[in-house]
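Colleague: The structure under discussion is supplied below as structure tokens; questions concerning it will follow.
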Amino acid sequence: RIFRTLPKTADADQLVALARRFRSELNYNLAFLTAIPHNNDVPHCFQDKVEWVQEHYPDIPVFFGPYSTDKYRHCKPNDILVDDRGDNCAAWAEAGGRAVKVGKKNDLSTALAQLAEILQLECEARQR
């Protein structure tokens, strides 16, 4: 039950708090968009991911790609994806969205700064 027992990363709450601001200040829809393993070889993956989110962030729904390569199909113009895979980010951007990469090479502080800048620009645009 690997996905049910994953520990929350140290900065997860900070990232989610910023994402919630998009919802509260700009009326964006906020959701986790996740995927199942390509071979669908992890029993209980769907259930475990949903239960993990319900435990840690019960106000945010979970959607499945179903596979990682399908995430871009959920994109609408200007939607924002935060993802740890560069190929997902590229496909999302090609579909008309904005993508912020997080992961080993892109530390969370960089992603938070990018998201904060998007939030600020969006808030300023709505005030005009």
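The values are calculated or read from the model by the stated rules, or taken from the named source; none is laboratory data. The structure presented is a predicted model; accordingly, all values stated were derived computationally and were not measured. Note that we place each Cβ from the backbone using ideal geometry, even for glycine, and neighbour counts take in every protein chain shown. When the accessible area is computed, the model is the full protein with side chains, heavy atoms only, and any ligands, DNA or RNA have been set aside. Shrake-Rupley method; radii C 1.70, N 1.55, O 1.52, S 1.80 Å.
Per-residue answers, yes or no, for (1) under 14 Å from the mean Cα position of the chain (by Cα); (2) closer than 25 Å to Thr5 by Cα; (3) open to solvent by less than 60 Å² (accessible area, probe 1.4 Å); (4) not charged (D, E, K, R):
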| residue | (1), (2), (3), (4) |
| --- | --- |
| His56 | no, yes, yes, yes |
| Thr110 | no, no, yes, yes |
| Leu115 | yes, no, yes, yes |
| Gln127 | no, no, no, yes |
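Colleague: Related question: Leu18 - would you say it is of a type outside the set (Lys, Arg), within 25 Å of Cys123 (Cα to Cα) and part of a helix (DSSP H, G or I)?
Modeller: yes
Colleague: So His56 passes all but one of these: (1) touching a Pro at 6+ places or on another chain (Cβ under 7 Å); (2) within 21 Å of Leu108 (Cβ to Cβ). Which condition number does it fail?
Modeller: (1)
Colleague: Let me ask something additional. I'm checking my understanding of the structure. Among residues of the stretch 98-108 that are touching a strand residue (DSSP E or B) at 6+ places or on another chain (Cβ under 9 Å) and under 24 Å from Ser24 (Cβ atoms), which one is most open to solvent (accessible area, probe 1.4 Å)?
Modeller: Top of the filtered list is Arg98.
Colleague: Moving on. Which condition number in (1) without any contact (Cβ under 8 Å) to a residue 40 or more places away in the chain; (2) open to solvent by less than 30 Å² (accessible area, probe 1.4 Å) is the one that Arg73 fails?
Modeller: (2)
Colleague: Same structure again: With the requirement that a residue be more than 18 Å from Arg85 (Cα to Cα), touching a residue at least 12 places away in the same chain (Cβ under 8 Å) and either in contact with a Gly (Cβ under 8 Å, 6 or more places away or on another chain) or among the acidic types (Asp, Glu) (or both), what does the stretch 12-47 give you?
Modeller: Glu25
Colleague: For the stretch 58-70, which residues satisfy the criterion of being within 26 Å of Leu119 (Cβ to Cβ), open to solvent by 30 Å² or more (accessible area, probe 1.4 Å) and assigned to a loop (DSSP other than H, G, I, E, B)?
Modeller: Pro58, Asp59, Pro61, listed by residue number.
Colleague: Tally up the residues in the stretch 22-31 that are surrounded by 12 or more Cβ atoms within 10 Å (Cβ to Cβ) and more than 20 Å from Lys101 (Cβ to Cβ), please.
Modeller: Summing the residues that are surrounded by 12 or more Cβ atoms within 10 Å (Cβ to Cβ) and more than 20 Å from Lys101 (Cβ to Cβ) in the stretch 22-31 gives 3.
Residue-wise test of (1) at pLDDT 95 or above; (2) open to solvent by 30 Å² or more (accessible area, probe 1.4 Å); (3) outside any loop (DSSP other than H, G, I, E, B).
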| site | (1), (2), (3) |
| --- | --- |
| Leu33 | yes, yes, yes |
| Asn39 | no, yes, no |
| Pro43 | no, yes, no |
| Phe46 | no, yes, yes |
| Leu81 | yes, no, yes |
| Asp87 | yes, yes, yes |
| Gly96 | yes, yes, no |
